[in-house]
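Colleague: First the structure, which I've put down as structure tokens, then a few questions once you've had a look.
The values are calculated or read from the model by the stated rules, or taken from the named source; none is laboratory data. As the structure is a prediction and not an experimental result, all values here were calculated from the model. Neighbour counts are summed over all protein chains in view; Cβ atoms, including those assigned to glycine, are modelled from backbone coordinates with ideal geometry. All accessible areas refer to the heavy atoms of the entire protein, side chains included, with ligands and DNA or RNA removed. Shrake-Rupley method; radii C 1.70, N 1.55, O 1.52, S 1.80 Å.
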Amino acid sequence: MNERDPVPEPGKAAGALHRVYLQPSKLSFLASEADDLLAAATQAGIAVPFACRNGVCELCEARLIDGTALNTRNQQTLSPATRLMLCRTQARSSLELEIEAVMAAGQTTPREFQANVVGVHSISHDVYRVELQLPRRRELEFHAGQYLSVVLPDAEPCYFSIASSPLDQHLELHIQASPDWVSAQRVVDALKSGQAVTLQLPHGHACLAAAPEKPLVMVAAGTGFAQMKSMVDYLRTTNSEQPVSLFWGVRRLEDMYLRSLAQQWHETWPPFTFIPVVGDDEDNDWSGHHDQLVGSVLATRSDWSDVQVMASGSPTMVYTLMDALVEAGLPAGAFLSDVLEYAPR
């Protein structure tokens, strides 16, 4: 286990922290000797399947590849090659575990689901909040920040960010629609009927499979806020204390359709900072405002070498932002956006 994060030696102090590595997902988290591994993984935002939390259901089973652990049921020390239940195991050194049920960000295979429409509500002059229910919600796994497609008969799939956390029972979408946007309006009209709808999900690699271990900067334009809402709702359930900044850029103040919610996060969640960026110019296209948004992001810090950036918006905005941040010192691999996948340069 070379070239990995240093951790306290086992037995030095009660509650000592150890790094736990999961394969093949390559995710990792810190676990106290006082906590079971399932609780520690959950606090880090890693979705480990479980039902009973007492070692009976065996959903959180893993194989110990390297390190020393303790079985809390019988107080026996576990050695490599042993199979264990995360809910009944504590770390006594840094650990490497094999657990196939935990997926890396964006690695879940998309599937088709039938969803029932719970409600469609207008939340601005052109944005609708859609709530969908899956009859078998436990069968769906996705990561915060991923998106889905709505499949209507005789039409191309329409793609929308999931605005809800993976922990929520219902799926939430924010759909910007008007008679000028035929495909989106057709989806809204179909959903208003209340009939079952076919979804394909999850899609996207710009997402979070675990709480970030460095400051997170989120940049959204328009309804790109939906993707950021999913990640904020998810992060608020973890023990992450990393700073999170959200820049939300719109052309007009009325386009910031859930500004009160973002402001509430700013006021009640200490790690979170909300920076609204409003163009206030009805005559300009968004292309006339992306420089303003990028400038607002760049102005907030001088060192971009150790942050993670999530961006959601038009390809023009996303690439302008990426180029500016990389030039300012952001490692290219620390910039994530679905645009890089569906609209590559």
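Colleague: For residue 83 paired with residue 32, estimate the spin-label separation in nm (one decimal), with each label point 7 Å from Cα along the Cα-to-Cβ line.
Modeller: Calculated label separation equals 3.1 nm.
Colleague: Sort the following peptides by mean Cβ neighbour count (other Cβ atoms within 10 Å, averaged over residues), highest first: 27-38, 258-269.
Modeller: Numbers: 27-38: 20.8, 258-269: 14.2.
Top of the packing list down: 27-38, 258-269.
Colleague: Ranked highest first by average number of other Cβ atoms within 10 Å, how do 68-77, 217-226 line up? Walk me through the intermediate numbers first.
Modeller: Values: 68-77: 14.2, 217-226: 25.5.
Those peptides, ordered most packed to least, come out 217-226, 68-77.
Colleague: List the relative contact order of the chain as a percent without decimals, with contacts defined as Cα pairs under 8 Å and 6+ residues apart. Write down the numbers at each step before the final one.
Modeller: On the way: 739 pairs, mean separation 46.4, N = 345.
Relative contact order here is 13 percent.
Colleague: What is the Cα convex hull volume of segment 111-179 when expressed per residue in Å³?
Modeller: Normalising the Cα hull of segment 111-179 by residue number yields 100 Å³.
Colleague: Further, regarding this structure: Ordering 192, 229, 26 by accessible area with a probe of 1.4 Å, largest first, what comes out? Working shown, then result.
Modeller: Numbers: 192 110, 229 20, 26 160 Å².
From most exposed to least exposed: 26, 192, 229.
Colleague: Under the Cβ-under-4.7 Å rule, which cysteines of the chain stay unpaired?
Modeller: Here 60, 87, 158, 207 come out as lacking a disulfide-compatible partner, given the Cβ-Cβ threshold of under 4.7 Å.
Colleague: Once Rh for the chain is found with the Kirkwood sum over Cα pairs, what is the Stokes-Einstein diffusion coefficient at 37 °C and 0.692 mPa s, in µm²/s? Before the final figure, lay out each step's value.
Modeller: On the way: Rh = 21.6 Å.
D, rounded to a whole number, is 152 µm²/s.
Colleague: Which order do the peptides 235-248, 297-310 take when ranked by the mean count of other beta-carbon atoms within 10 Å per residue, highest first?
Modeller: 235-248, 297-310
Colleague: Still on this structure: Please give, to one decimal in nm, the separation of the simple spin-label points placed at residue 239 and residue 264, each 7 Å out from Cα toward the Cβ.
Modeller: Taking the simple label geometry, residue 239 and residue 264 are separated by 2.7 nm.
Colleague: Tell me the carbon and sulfur percent of the accessible area for segment 237-345, rounded to whole percent, probe radius 1.4 Å. Mind showing how you got there, number by number?
Modeller: Details: 2500 of 5380 Å².
For segment 237-345, the apolar C and S fraction of the accessible surface comes to 46 percent.
Colleague: Using alpha carbon centroids, what distance separates segment 123-184 and segment 246-260, in Å?
Modeller: After rounding, the separation between the Cα centres reads 20 Å.
Colleague: With the radius of gyration and the Kirkwood radius both derived from the Cα set of segment 209-326, what is their ratio Rg to Rh?
Modeller: A ratio of 0.95.
Colleague: Along the Cα-to-C-beta direction of residue 299, a point sits 7 Å from the Cα; which residues of segment 214-253 have their amide N less than 19 Å from that point?
Modeller: Only 217-222, 245-253 pass the distance filter.
Colleague: Per residue, how much accessible area does the chain have with a 1.4 Å probe, in Å²?
Modeller: Ligands and nucleic acids excluded, the result is 47 Å² per residue.
Colleague: Any chance you could run the full-extension gain for residue 59 through residue 193? It's 0.36 nm times the residue separation minus the Cα-Cα distance, nm to one decimal. Show your work: numbers first, answer last.
Modeller: Numbers: separation 134, 0.36 × 134 = 48.24 nm, distance 3.84 nm.
Once the chain is fully extended between residue 59 and residue 193, it gains 44.4 nm.
Colleague: Okay, moving on. How far apart, in nanometres, would the label points at residue 109 and residue 273 be if each is projected 7 angstrom from Cα along the Cα-to-Cβ direction?
Modeller: The answer from the label model is 4.3 nm.
Colleague: Turning to a different aspect of this structure: Under the rule of -39500 (n - 2.57) per DSSP H run of 4 or more residues, summed and divided by the residues of the chain, what mean residue ellipticity at 222 nm is obtained, to the nearest 500 deg cm²/dmol?
Modeller: -5500 deg cm²/dmol
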